1. Under the definition of Cα pairs under 8 Å and six or more residues apart, what whole-number percent is the relative contact order of region 23-123?
2. Residues with beta-carbon under 15 Å from that of A104, excluding A104: net charge, scoring Lys, Arg +1 and Asp, Glu -1?
Amino acid sequence: MVSNRSSSKENKDGKRNVAGAPKNFMIPVLLLLLRDWNAHGYELMQKLIQFGFHSIDQGNFYRTLRQLEKDEFVTSEWDTSSGGPAKRIYSITSAGEQYLQMWASSLEQYQKMLDQFFNVYSQFFMPPGFTTNKDDQSKK
C-alpha cells in the first residue's frame, strides 16, 4: 500500500528536502570533483554544498573518503606547506576514474527513466498549454 504522507523533511536551515539524493550519490560527485582538481576535505565538502547537497554529516563524509581510499578509488597525502595544521589532499586514481565512468553509465540510464517518468507525469498534471522554461528556451 502506498502512503499519502510526503517523504519531505526540513534540514537545519529550514529548507524542505523532498526525498533528497540517493544516499550514495555523494560518491560519484566526489569522484567527479576530484577529476578536475586535488582538494582538501573541507574544500570538497564546500563543493558538495554548492552542488546541491544541503546537509552533509561531517563524520559520514570523512568515513566515505576513507572508504574510497581503502577501495583505492582515491589517494591522499598530507599537505604541510600551509602555515596551519597539516591537511590531507585527496586525488582520484585510475580505478576511481573507471568507477566514476561506471556511475555515469548507470546514472545515464536512470536519467532516461526519469525523463520518461516526467513525460508521463506532465501529461497528467500539467495544464494544457503550459510550457516549462526548458520548452521556452528550445523554441528560441
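1. Numbers: 82 pairs, mean separation 30.2, N = 101.
That works out to 30 percent.
2. Details: positive: R35, K112; negative: D36, E97, E108.
Taking every Cβ under 15 Å from that of A104, the sum is -1.
Bear in mind that the values in this text are calculations on the coordinates, not laboratory data. The structure presented is a predicted model; accordingly, all values stated were derived computationally and were not measured. We place every Cβ from the backbone using ideal geometry, glycine too, and count neighbours over all the protein chains shown.
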